[in-house]
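The values are calculated or read from the model by the stated rules, or taken from the named source; none is laboratory data. Predicted, not measured: the structure shown is a model, and the values here were computed from it. No Cβ is skipped: glycine too gets one built from the backbone with ideal geometry, and neighbour counts run over all protein chains shown.
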Amino acid sequence: MTGDPRWAPPPSECLSSDERRHQQFVRLTELLGAVDGTNRFYTEKFLSAGVNLSEIRTLEDLARLPLTTKQELASDQAATPPWGTAHTEPLTRYTRYHQTSSTTGPPLRWLDTPESWRWVADCWRSVFHAARIGIGDTILFPFGFGPFLGFWSAFDAATQLGARVVPAGGMSSETRLKLLDAVAPEVVCCTPTYALRLLEVARAMGLDLPISTVRTIVVAGEPGGSIDATRWQIEQGWGARVIDHHGLTEVGPVSFECWEHPGALHLNETQFICELLDPGSDRPAAEGEPGELVVTNLGRIASPVIRYRTRDIVRLRSTPCTCGRTLRQIEGGVLSRADDMVCVRGVNVYPVAIEALVRQVTQVTEFRSTVNATSPLHELSIEVEVAPTTGEPETVAARVGQVVQEALGLTVPVCAVDAGTLPRFELKSRRFVVKDSADD
Ligand SMILES: [Zn+2]
């Protein structure tokens with residue numbers, strides 16, 4: 001448990017399993033009562049699955065409800081453009097628009113009412129509290145405020161809890177670092193990729209980030225915050241603690257890291273019912289085995305997801321955490337997206353695994369892995385940029401090849417490219433490219 005009472009976890013995050021399940025069931029009943037007959041998407045979905053909601057009498061009965069996929073929601077929006085029919089209230093009540101940052105197909109359009117948006121921000125307050133961020137802290141958001149939900153909700157939540165927020169959209173990395181130097185924030189909120197990018201630019205500018213005021217970097221949007229090697233590079237480079245978090249636009253902020261247990265993410269089970277399913281059979285995954293996270297959000301009643309397949313593959317841990325929270329944890333963060341896996345010469349390869357390996361070679365500043373899906377065996381190759389004066393680029397590239405060979409058993413060509421050749425990212429990185437036509 002934390003010694004400082006300010007950062008004690010709220011009682012709602014420390015319930016016994018029975019208390020939590022009771023609370024979840026009460027709120028599930030409220031949610032189902034609210035959507036039944038008003039939310040056309042779910043009303044029709046339950047009807048066509050032959051489910052009578054009066055049969056949902058315990059939390060276990062949730063499994064009687066059909067699973068929801070992103071594809072279904074996308075098809076609904078395509079059939080009833082632009083918003084689809086998954087809304088519990090009249091459209092005039094919706095005041096916020098965001099969209100998913102999907103790499104395949106059109107983005108999902110997601111609307112919130114003032115109440116459902118407040119719930120999203122409340123979930124973010126849990127993230128900040130667990131990260132020991134609150135009144136008196138200044139938070140810099142070096143992020144272009146587009147339609148991606150994550151940092152908007154973090155920004156609103158931070159103002160609600162009394163922190164001072166500094167938006168830093170529409171600026172170059174150099175200008176953002178000058179702003180950081182001027183306003184002296186304690187916290188920076190960005191993607192792990194962008195934390196590394198700022199580090200690289202700061203070094204080129206001769207700025208020493210470890211002597212800055214920044215003590216915490218809250219990362220989101222990518223899995224890097226829970227990849228040990230990536231996290232280590234950010235923490236060493238900034239001289240600050242990384243706090244990871246994970247969420248989806250259509251779901252909300254579903255997990256967060258506590259100060260006491262780095263590298264694991266508490267599921268916010270006060271606001272979500274989380275199931276773990278075996279992706280092959282759709283049955284509950286065995287204890288300790290990786291499975292797909294399936295989520296029902298309990299407070300976003302105006303635009304809910306019910307038994308939603310996140311495609312995130314995670315491993316759960318239910319042993320007590322030293323912070324005192326009884327919320328289960330995702331061990332090691334999101335292991336992969338179910339959609340992202342590619343088979344390279346018979347070996348299943350996830351982008352997260354490649355990043356974890358390449359980042360072990362700390363001289364690498366940026367990289368890109370490419371899968372050539374036009375070749376029958378799906379060949380993988382990696383390009384790396386090497387930090388100036390840290391070693392011969394060819395030697396560093398060979399080291400990356402060796403690390404990948406040892407871990408995956410794959411001989412992968414790795415070539416060093418000139419500094420600044422590879423794309424840099426502010427939001428979701430695209431370091432894993434699958435070429436599926438000859439002219440890509
Ligand atoms: Zn904890």
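Residue by residue, here is whether (1) modelled with pLDDT of 95 or more; (2) within 24 Å of residue 356 (Cβ to Cβ); (3) more than 16 Å from the ligand (Cβ to nearest atom) holds:
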| residue | (1), (2), (3) |
| --- | --- |
| 295 | yes, no, yes |
| 302 | yes, no, yes |
| 319 | no, yes, no |
| 333 | no, yes, no |
| 340 | no, yes, yes |
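Give 269, 250, 200, 260 a once-over and let me know the one that is over 15 Å from residue 330 (Cβ atoms), within 16 Å of the ligand (Cβ to nearest atom) and either in contact with a helix residue (DSSP H, G or I) (Cβ under 9 Å, 6 or more places away or on another chain) or in the same structural domain as residue 67 (by TED's automatic domain parsing) (or both).
After ruling out the rest, the residue left standing is 260.
Taking segment 177-198, which residues are crowded, with 20+ Cβ neighbours inside 10 Å and over 21 Å from residue 128 (Cβ atoms)?
Selection gives 177, 193, 196, 197.
Just for strands (runs of 3 or more DSSP E) wholly inside segment 340-432: which have at least 3 residues that are more than 27 Å from residue 141 (Cα to Cα) and touching a helix residue (DSSP H, G or I) at 6+ places or on another chain (Cβ under 9 Å)?
By residue number, 379-386, 414-416.
Would you check which residues across segment 308-338 are basic (Lys, Arg) and within 22 Å of residue 221 (Cβ to Cβ) and list them?
309, 311, 315, 337
Mind listing whichever residues of segment 215-247 are more than 16 Å from the ligand (Cβ to nearest atom), touching an Asp or Glu at 6+ places or on another chain (Cβ under 6 Å) and either part of a strand (DSSP E or B) or over 15 Å from residue 312 (Cβ atoms) (or both)?
Once the filter is applied, which keeps residues that are more than 16 Å from the ligand (Cβ to nearest atom), touching an Asp or Glu at 6+ places or on another chain (Cβ under 6 Å) and either part of a strand (DSSP E or B) or over 15 Å from residue 312 (Cβ atoms) (or both), segment 215-247 yields 215, 219.
Restricting segment 304-317 to residues that are without any contact (Cβ under 8 Å) to a residue 60 or more places away in the chain and not charged (D, E, K, R), which is nearest to the ligand (Cβ to nearest atom)?
Within segment 304-317, the match that is nearest to the ligand (Cβ to nearest atom) is 316.
Quick one: residue 193 ticks every box in (1) within 24 Å of residue 167 (Cβ to Cβ); (2) in contact with a helix residue (DSSP H, G or I) (Cβ under 7 Å, 6 or more places away or on another chain); (3) among the hydroxyl-bearing types (Ser, Thr, Tyr); (4) assigned to a loop (DSSP other than H, G, I, E, B) except a single one, so which number is it?
Here residue 193 clears every test but (4).
Answer with yes or no whether residue 390 is modelled with pLDDT of 90 or more and polar (S, T, N, Q).
no
Yes/no per residue for (1) assigned to a helix (DSSP H, G or I); (2) among the polar types (S, T, N, Q); (3) surrounded by fewer than 18 Cβ atoms within 10 Å (Cβ to Cβ); (4) away from the ligand (no atom under 16 Å from the Cβ):
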| site | (1), (2), (3), (4) |
| --- | --- |
| 110 | no, no, no, yes |
| 128 | yes, no, no, no |
| 140 | no, no, no, yes |
| 145 | no, no, yes, yes |
| 165 | no, no, no, yes |
| 171 | no, no, yes, yes |
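Among all residue pairs at least 6 apart or on different chains, which show Cβ distances below 8 Å where the first residue, located in segment 53-77, is outside the structural domain of residue 34 (by TED's automatic domain parsing) and closer than 14 Å to residue 296 by Cβ and the second is surrounded by 15 or more Cβ atoms within 10 Å (Cβ to Cβ) and modelled with pLDDT of 95 or more?
Final answer for the pair search is none.
Could you list all residues from segment 310-369 that are of a type in the set (Asp, Glu) and either surrounded by fewer than 20 Cβ atoms within 10 Å (Cβ to Cβ) or within 17 Å of the chain's Cα centre (by Cα) (or both)?
312, 331, 339, 340, 355
Among the residues of segment 22-63, write down those that are among the basic types (Lys, Arg) and surrounded by 16 or more Cβ atoms within 10 Å (Cβ to Cβ).
Result: 27, 40, 45.
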